[in-house]
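What follows is one structure encoded as structure tokens, with my remarks underneath.
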Amino acid sequence: MINLGLGLYKSLLNDANFRFAKQCGATHIVVQLVDYVKGGDNPTLTQNYLGGWGVTRNEGKLWQLDELLALKKQIESHGLTWAAIENFDPAHWYDVLLDGPKKHQQIEDLKWMLRNIGKAGIPVMGYYFSLAGVWGWTPAPAGRGEAMSVVFDQNKIDTQAPIEWHGLEHDLRYGSEGQHGSPRFEGRDLAAFAVVFGRNAACGRGMWRPARRSSR
């Protein structure tokens, strides 16, 4: 069964936008708890897309069960269903992705949050296991009716430019520049990505069991 849903960033999780979703005929909400986009009623993305979307300062600020339940109650008060959460905060699992010294503690934190998600009755936790962030942010009139949208246009970006990590993960910086000893990958250095992915392949397989148990 296909449901009509609306995705909302953290700064847009309010009654006005829940009413708007209902007015548009949406029945479900996909919640983004990460502060990727800020700006109140009219949020905008940074223009330096490949340089990151800002800084996350949420390390150690895990998703509490009472906070999830309160947001769920607010969503449901508008006759909507909380369908899913999109993405962990980079501050919660940067060393899981980069095989850093805090990896095992961060895995335990993720498992704890997954248990809370299951207890709150939220059925889906979508995660984006990527090192390179999101490519494809070239503005163009590519939408329906030539509406401005964003696309991937290889001719307008340098696909071989080095990826400067320095605490940059999932398009957000999780610390001040140079604070973390993250590697500097060149555009063609896919082998470095494969090594990190290989080291962490078992991590993802082990994280999802707690949520399944908690949701029963």
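What helices (runs of 4 or more DSSP H), lying completely within region 61-120, carry at least 1 residues that are more than 24 Å from I29 (Cα to Cα) and in contact with a His (Cβ under 7 Å, 6 or more places away or on another chain)? Walk me through how you get there before you give the answer.
Working: elements: 65-76, 90-98, 103-119.
Answer list for region 61-120: 103-119.
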* Within region 109-128, can one find any residue that is at pLDDT below 85, at negative phi and touching a strand residue (DSSP E or B) at 6+ places or on another chain (Cβ under 9 Å)? -> yes
* To do: Answer with yes or no whether L98 is closer than 22 Å to E108 by Cβ, of a type in the set (A, V, I, L, M) and modelled with pLDDT under 85.
  => yes
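Hey, among the residues in region 4-60 that are modelled with pLDDT of 70 or more and among the aromatic types (F, W, Y), which one's nearest to V151 (Cα to Cα)?
So in region 4-60, the residues modelled with pLDDT of 70 or more come out as 4-35, 56-60.
Filter again for among the aromatic types (F, W, Y), leaving 9, 18, 20.
Working: Y9: 20, F18: 28, F20: 27 Å.
Top of the filtered list is Y9.
Among the residues of region 129-150 satisfying the criterion of being in contact with a strand residue (DSSP E or B) (Cβ under 7 Å, 6 or more places away or on another chain) and within 22 Å of V30 (Cβ to Cβ), which is modelled with the lowest pLDDT?
Here is the first cut: in region 129-150, the residues in contact with a strand residue (DSSP E or B) (Cβ under 7 Å, 6 or more places away or on another chain) are 132, 136-140, 142-143, 148-150.
In the following step, the residues that additionally are within 22 Å of V30 (Cβ to Cβ) were identified as 136-137, 143, 149-150.
Working: G136: 65, W137: 71, G143: 88, S149: 83, V150: 79.
That would be G136.
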* Asked: Is there any pair linking a residue in region 92-105 that is in contact (Cβ under 8 Å) with a residue 40 or more places away in the chain to one that is outside any helix (DSSP H, G or I) and crowded, with 20+ Cβ neighbours inside 10 Å, with Cβ under 7 Å and at least six apart or on different chains, and which?
  -> Y94/E169; Y94/Y174; L97/E169; L98/S182
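Scanning for something among the charged types (D, E, K, R), at pLDDT below 95 and touching an Asp or Glu at 6+ places or on another chain (Cβ under 9 Å), does region 66-88 turn up at least one residue?
Of all residues in region 66-88, those among the charged types (D, E, K, R) come to 66-67, 72-73, 76, 86.
With the extra rule that they be at pLDDT below 95, the set shrinks to 86.
Checking which are touching an Asp or Glu at 6+ places or on another chain (Cβ under 9 Å) leaves us with none.
Looking for residues that are among the charged types (D, E, K, R), at pLDDT below 95 and touching an Asp or Glu at 6+ places or on another chain (Cβ under 9 Å), one finds none in region 66-88, hence no.
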* Asked: Is there any pair with a first residue in region 59-79 that is more than 24 Å from P90 (Cβ to Cβ) and a second that is hydrophobic (A, V, I, L, M, F, W, C) and assigned to a helix (DSSP H, G or I) whose Cβ atoms are under 7 Å apart and which are 6 or more apart or on different chains, and what are they?
  -> I75/F18; H78/F18
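The values are calculated or read from the model by the stated rules, or taken from the named source; none is laboratory data. These numbers were taken from a predicted model, which means no experiment stands behind them. Note: ideal-geometry Cβ built from the backbone for every residue, glycine included; neighbour counts use all protein chains shown.
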